[in-house]
Every structure is written in C-alpha cells, then in structure tokens.
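Enquirer: Sharing a structure here in structure tokens format.
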Amino acid sequence: MILTGGLRSVLPHVLRKVIRCNRLHISSTSGLAQGYKQASVVILHKSLADDFEKFCHANDGPLPLLYRSKPGDWKCPSLSSDSDIRTDCLQYQVYEHGACTGTLKSLKEYSEQLKDMVTFYLGCSFSFEKAFQNAGIPVRNVEQKCNVSMYKTAVPCHSISAFCCNLVVTMRPIPESKLEAAVLATSELKDAHGAPIHVGDPGLLGIQDISKPDYGDPVHLRSGDIPVFWACGVTGIEAVINSRAPLAFTHSPGCMFITDLKNDNVTARPSRKVPQVHCISQDPMHYSVVSAEAAQKIKTLETLIGIDPGDRGVSHLLCQDELLRACLSISHARSVLVTTGFPTHFTYEPPEENDGPPGALAIAAVLQALEKEVAMVTDQRAMNLNQKIIEEAVQLGILKSPVPLLSYQRENADSALKFLCENGNPERPIFDHLIAIERAGMAADGNYYNARKVNIKHLVDPIDELFLAAQNIPGVSTTGIGDGGNELGMGKVKDAVKKHIKNGDVIACDVEADFTIVAGVSNWGGYAMACALYILSTCEIHDRYLRKAVGFPQLPKKMLWLSALPSVTKEEKLLKTLVRLGVRSGKTASLEMEVDGLPFYNTHSLMIEKLL
C-alpha cells in the first residue's frame, strides 16, 4: 500500500503505474496530479461510437471530448505515452442492457470483447483544482478528504439516437466572495467543463436534497459558502444506462484516468469577455453570469434612459445596475406577466396616457421572440381599449401574435395567490416575473394619485396586490418601471420621491418591486429593457449559462431577435394608433416636445444604434 499524502505532486505516468499495480487504496483521484488533466471514460461497441461522439459534441459542457480511440485500441497516444485503459483507472463499472452489473479494478478479463469497442476520454472537473488553488479558492472536498458530490438534474441533454439523459453536475461549495474568481478560473478550461452552469439554490436544477448526492460523497458547506454547479462527465454514464447497450464500461464516478496533459494552454480573455457574476434572487438564492462587455452595454443603456427631459428630479431616484439585474432575472424566466396603464386624464374617455403601452409592447415583442410565455393584465374597464391596441400591434408587425389579456379583481384574501399560482399553490407559480411599466401605484394611504395629486383610485384595479403577493412566492420576481415615483414598483425609492419629486409626499407609490428601473420617460425604460434582453441573448457567456452548457448555442436566432426590437418606424405608427384610439399624452406641454417630437426619436435611435 502507498501513502497518499504526497500524491498531489506525483507525475501522472507514475500514478498510472501505481494504479495499474493496484497499490493505490483511495476512493477518488480528486487532488491528485494537480495541474494535469483528468478524464472520465466511456467504452462502447463500435456500432454505437459515431452516435455517442455526436452526443458529446451536442453536449460539450458535460462531455468535452479529449480523445476517441479506434476499436480495440487500449492506448491514447495524444493523452499519455504509456497507458492501458484496461488497467489505468482506479475502478470501472460494467453495464449490461442499462444495468450496472459490477465494479472492477481491471478490464483485462474483457480483452476479447474490447477488441470491438471504442474508448471515449472526456474532460473532468478535477483538472481545474490547481486553477482553484492558484486563485485562492478552497477545494472543500479535498479539505474534507472525500469525493466530490454529483447529482442528477432535471435538465435534459440534447438527444442523439439512443443516447438521451438528463445532465449530471458536480457541486463545489464556494465562498460568496470568491464566486467571480471561480467562474473566471474555470471559464477558459473548456476541456474541464468550463465555467459553472448554475450558482445558487440546487432546487432550480431539480435537486431535492443537496445532502444526498446521487454519486460521490456529501461535501459540507461552510458558513458563507454558496453551492456552485459544474457540468459533469458522469452524464455519459447516464447516457450509457439509458441507451441499454448490451455491454459497456465506464470509470467509477470520481475514479478518473489521469493524462500527461497540463492545464497550461489557457489564453487570456480580452477584458470585455471576462465573465461577471450577479445575484438576481435571494429566495431562492440565484446568481447569473454575463460578459463584462454585455453588462457595460446595459449599464450605458441605463444611463441613456436616465436623462430627465422635464427636469422633474428623476435623477434622484435612479438605482444603479437595476436594469442589468432585472433583465438577467427575466432572461431566466419562463413566463412573464406585464402590466401598464395610468389613467391620468380622469375627465376624459379613455383616461389613459400614451406613456406605458408602447414600452409594454416593446417588452412583450422581445419576450415573444425569445420564445417566452407572456401575458398582460390591465383594468377591467380598459380591456376593450387594450385589446384593440394589441390587435393593432400585431397588424403593424410589432407583435408576432396577440398577447393574452387578463384582468384582476379582488374577491377574497387569496385572490392574488390564485391568480399567480396554479390552484393557489405557491410551489406552482404560473408566472416567474412580473413587470409594471407606467402603471398607477398605490400610495401609503391606499389611494392612487396622478402627478397633480388627484386621486384616481376609482379608475384603477388593485393589480398592486399581485406584486405584494409575489413577495411571498419563492422564485417569482418583480420589476417596476417609472418616471415620477407614483408608478407601481417605485416603493423602493419612495423616500427619494417624497424629498425630490413635486407632491411626492402624497403621490409616492408605497409598493416595492425587486428591481426598480427609473427613466426620464417610462417608455424609454421599456425600450431599454427590450434592447437589454437582446444584448443578453447575444452574449455567448450568458447563453451558455442559460442552456446549462447542453445543446447548441442560440445565436443563429440573432436576426429574429433583432427584428423584434422597437424601432422609430414601429413606435411612430403605434403612437398614431394610440391617438386614433383617443389616448392622450400624459406629459406637460414642454415635456411633450421632448417625448413626442424629434428629440425623443433621436434619443431612442441613438440608444439602438450605439448598442446594437
């Protein structure tokens, strides 16, 4: 028996010889030969090899292919000089028709069968442990002297022929202060699964109990640690099981093949391509990843829309990076509910203003292009008007198809919960994100006020209740977009509204949203959100994180997304439609010149031109 304490620095060819002689009595190769690539192993009959290779290329996050052997070839010359795949893994598993029928220290007894089989060597996350060490990131499983934790998820891989399965991931506890360093340290190590595919609550991957891994050992989180998940090569084992191949062999999870290749061929990213990590939810804990370049573009958008054309004090309400965080959250959402409508013209019919609907439709159009479910909720009295606006938007080419239009009325204490969740069950929300843009918001006294301090409560349905209820539904986030502080969702900045906005002490909305986007004109906020969602969708780093490194990049859809963005021509036509339907501007005469005239369009055009 060999002592294992000094194996971190033992050269790979020495370790392979020791393993071959069955003299290394450990349960995992994690922590060994640091700085060298390790590989998981899948051995299949040659008739299945082409399909499995395609499966690897279609899911290169969990299955980065390092080498494919020829049938009956037990060596891998591009990975090691003196190896024998029959003996050089710590332990193997045997699968017959999808069932594991045994574990072995050597495959020599199957040498005859192996003559017709092909070996796949796939990258392993153990390979990046040295990069962690160099970045000052603790490797908790090595500290705890155990294997990593591996979990089956609810994330489906891209299927190829008989090979289909859900993604398997490894989990590593990372101190919150080191999250960005962990993403940066691994993002360029494509052969070792690259950057993580999820940061935060394991339930979002379909993992029910983090203390009970499907493979490997439980690894305990220390105070301040966040669970971070990487795609895992054990996904290949799941694919073998589901293929029900007559005979197949794999490494035992954690018992990797150690190569002679160093992890030192990493090229530095340009600064604009460096990944950033942003927290988008506390309940459940959820972080998202985006490139520095995309993040900066969205921050520039936020600055552009913060211009205050009416000099109303809007600059005092601005919340930094809220546009970025809101759009990251929406990017992860499956279903989005949008609301708008501010009946400021209470003596006219209809009383709505034209700030809000164009921005809401711009958001809805991009959400449709991104293949998300989107619906709108409005006041019962305004259903006919909004239905006509939606129909016109489809005819004008702004919307791909009609958006479902809903209304909300309070019937009892559970009305909001029943509206937002299936059968009122908070564990089954219908919508993942709620967006209010230029929507009248409830003040502290329970009333709704326009900018002139006139109570318009009789014209407003209590849609605020949906935003209040969402605060207690895990996984449902909210965004408010406004330009005066009396809009739904502006409760986060109510103190600033009371201090800096005319009549703010009365009109300030008391209802908070998770994200508050303040703009000189609310429509600008809607346009910015649409553009920001496009920017995120065309960001390779974010795209990979969204699809969990399985399947193929979504970038070929770029032109479709681009065509859904708001444009000067679309908005001119829509504003003319609103005028025809009797919808008036809600701004003062001086502000109308800035919003409805050329300066408004110039600002909008500049926003699109500069960033897209």
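Enquirer: How about segment 65-75: which of its residues are in contact (Cβ under 8 Å) with a residue 60 or more places away in the chain and open to solvent by less than 10 Å² (accessible area, probe 1.4 Å)?
Expert: none
Enquirer: Within segment 133-144, track down each residue that is in contact with a strand residue (DSSP E or B) (Cβ under 8 Å, 6 or more places away or on another chain) and surrounded by fewer than 24 Cβ atoms within 10 Å (Cβ to Cβ).
Expert: I137, P138, V139, R140 - these are the residues of segment 133-144 that are in contact with a strand residue (DSSP E or B) (Cβ under 8 Å, 6 or more places away or on another chain) and surrounded by fewer than 24 Cβ atoms within 10 Å (Cβ to Cβ).
Enquirer: Right, here's the next one. Would you be able to say whether some residue in segment 506-527 is more than 18 Å from L317 (Cβ to Cβ) and at pLDDT below 95?
Expert: Yes, because at least one residue in segment 506-527 is more than 18 Å from L317 (Cβ to Cβ) and at pLDDT below 95.
Enquirer: Just to confirm my filter: which strands (runs of 3 or more DSSP E) fall fully inside segment 347-442 and include at least 2 residues that are open to solvent by 40 Å² or more (accessible area, probe 1.4 Å) and farther than 30 Å from G485 by Cβ?
Expert: Strands (runs of 3 or more DSSP E) meeting the threshold: none at all.
Enquirer: Any chance you could count how many residues in segment 145-171 are open to solvent by 10 Å² or more (accessible area, probe 1.4 Å), modelled with pLDDT of 95 or more and over 15 Å from G206 (Cβ atoms)?
Expert: Selection size over segment 145-171: 6.
Enquirer: Hey, R68 hits all of (1) within 18 Å of K105 (Cα to Cα); (2) modelled with pLDDT of 95 or more but one; which does it fall short on?
Expert: Checking R68 against (1) within 18 Å of K105 (Cα to Cα); (2) modelled with pLDDT of 95 or more, the one that fails is (1).
Enquirer: Considering (1) of a type outside the set (G, A, S); (2) modelled with pLDDT under 95; (3) in a loop (DSSP other than H, G, I, E, B), say which one P62 fails and leave the rest.
Expert: In the conditions (1) of a type outside the set (G, A, S); (2) modelled with pLDDT under 95; (3) in a loop (DSSP other than H, G, I, E, B), P62 misses (2) alone.
Enquirer: Which one of these does P213 not meet: (1) open to solvent by less than 20 Å² (accessible area, probe 1.4 Å); (2) under 25 Å from the mean Cα position of the chain (by Cα)?
Expert: Status for P213: all satisfied but (1).
Enquirer: Would you mind telling me which numbered condition in (1) open to solvent by 60 Å² or more (accessible area, probe 1.4 Å); (2) under 23 Å from E188 (Cα atoms); (3) not in a helix (DSSP H, G or I) S27 fails?
Expert: With respect to (1) open to solvent by 60 Å² or more (accessible area, probe 1.4 Å); (2) under 23 Å from E188 (Cα atoms); (3) not in a helix (DSSP H, G or I), S27 is out only on (2).
Enquirer: So which of G482, G491 is touching a Gly at 6+ places or on another chain (Cβ under 7 Å), touching a residue at least 24 places away in the same chain (Cβ under 8 Å) and either open to solvent by less than 40 Å² (accessible area, probe 1.4 Å) or farther than 18 Å from V374 by Cβ (or both)?
Expert: G482
Enquirer: Filter segment 231-248 down to the residues that are surrounded by fewer than 24 Cβ atoms within 10 Å (Cβ to Cβ), of a type outside the set (A, V, I, L, M) and not in a helix (DSSP H, G or I) and list them by number.
Expert: Matches in segment 231-248: R244, P246.
Enquirer: In this structure, does P404 turn out to be of a type outside the set (D, E, K, R), farther than 21 Å from V568 by Cα and touching a Cys at 6+ places or on another chain (Cβ under 6 Å)?
Expert: In short, no.
Enquirer: Related question: T119: surrounded by 20 or more Cβ atoms within 10 Å (Cβ to Cβ) and more than 19 Å from S9 (Cβ to Cβ), yes or no?
Expert: Considered against the rule, which asks whether it is surrounded by 20 or more Cβ atoms within 10 Å (Cβ to Cβ) and more than 19 Å from S9 (Cβ to Cβ), T119 comes out as yes.
Enquirer: Looking only at segment 273-293, how many residues end up being touching a Lys or Arg at 6+ places or on another chain (Cβ under 9 Å) and either open to solvent by 40 Å² or more (accessible area, probe 1.4 Å) or of a type in the set (D, E, K, R) (or both)?
Expert: 1
Enquirer: Shifting gears a bit: Considering only segment 12-31, how many residues are closer than 16 Å to S81 by Cα and either in contact (Cβ under 8 Å) with a residue 24 or more places away in the chain or of a type outside the set (A, V, I, L, M) (or both)?
Expert: Total meeting the criteria: 7.
Enquirer: Now a separate question. Looking only at segment 505-529, count how many residues are surrounded by fewer than 24 Cβ atoms within 10 Å (Cβ to Cβ) and in a helix (DSSP H, G or I).
Expert: Residues in segment 505-529 being surrounded by fewer than 24 Cβ atoms within 10 Å (Cβ to Cβ) and in a helix (DSSP H, G or I): 2 in total.
Enquirer: Can you give me the number of residues within segment 101-125 that are in a strand (DSSP E or B) and either closer than 19 Å to C76 by Cβ or touching a residue at least 12 places away in the same chain (Cβ under 8 Å) (or both)?
Expert: Of the residues in segment 101-125, 9 are in a strand (DSSP E or B) and either closer than 19 Å to C76 by Cβ or touching a residue at least 12 places away in the same chain (Cβ under 8 Å) (or both).
Enquirer: Suppose we filter segment 182-236 for residues that are in contact with a strand residue (DSSP E or B) (Cβ under 7 Å, 6 or more places away or on another chain), farther than 19 Å from H286 by Cα and acidic (D, E); how many remain?
Expert: 3
Enquirer: What are the residues in segment 293-311 that are in a loop (DSSP other than H, G, I, E, B) and among the charged types (D, E, K, R), if any?
Expert: The answer is D308, D311.
Enquirer: Among the residues of segment 115-152, how many are under 15 Å from A248 (Cα atoms) and out of contact with any Phe, Trp or Tyr (no Cβ under 7 Å at 6 or more places or on another chain)?
Expert: 5
The values are calculated or read from the model by the stated rules, or taken from the named source; none is laboratory data. It should be emphasised that the depicted structure is a prediction, and the values quoted were computed from it without experimental measurement. FYI the Cβ positions are ideal-geometry reconstructions off the backbone, even for glycines, and counts take in every protein chain you see. When the accessible area is computed, the model is the full protein with side chains, heavy atoms only, and any ligands, DNA or RNA have been set aside. Shrake-Rupley method; radii C 1.70, N 1.55, O 1.52, S 1.80 Å.
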